[in-house]
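A quick write-up on the structure given underneath.
The values are calculated or read from the model by the stated rules, or taken from the named source; none is laboratory data. Since the model is a prediction, treat every value here as computed from it, not as a measurement. Glycine gets a Cβ as well: all are built from the backbone with ideal geometry, and neighbour counts include every protein chain shown.
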Amino acid sequence: MNSTCAPFEVPAWKLEKYWADKTTGDPTVLPKWSYLEALAQVEQPPSTEFTEDTETINATLAIPGEPWLAEKLSMEYFEDQETAHSRYG
């Protein structure tokens, strides 16, 4: 999140909120550390990439650029469509 979001100047509070809401996959289960606390645990950038075969994340992983960009663009498109839908019915 840190290296991917930095070029977009995402405010720290948004990263912290996303971390708290999404990290565990269950909103009733809080993460062990806050985003900044978890970031402080990372000593060097991850060298292992997340794959679709990854079942449990128990280490710091990098997200490959192409799947990340596809997800980002899909989410932006969805948000634009929802905004237009709420505006124009």
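Some notes on this structure:
- Among the residues of the stretch 56-89, those identified as in a loop (DSSP other than H, G, I, E, B) and over 16 Å from Thr23 (Cβ atoms) are Pro64, Gly89.
- If the condition is being among the β-branched types (Val, Ile, Thr) and within 16 Å of Trp19 (Cα to Cα), then the stretch 30-55 contributes only Val42.
- Ser47 passes every criterion in (1) among the hydroxyl-bearing types (Ser, Thr, Tyr); (2) modelled with pLDDT under 90; (3) within 15 Å of the chain's Cα centre (by Cα) apart from (3).
- The criterion of at least 2 residues that are free of Cβ contacts under 8 Å to residues at least 24 places away in the same chain and either outside the structural domain of Pro64 (by TED's automatic domain parsing) or surrounded by 10 or more Cβ atoms within 10 Å (Cβ to Cβ) (or both) is met, among helices (runs of 4 or more DSSP H) falling completely within the stretch 1-47, by 12-22, 35-41.
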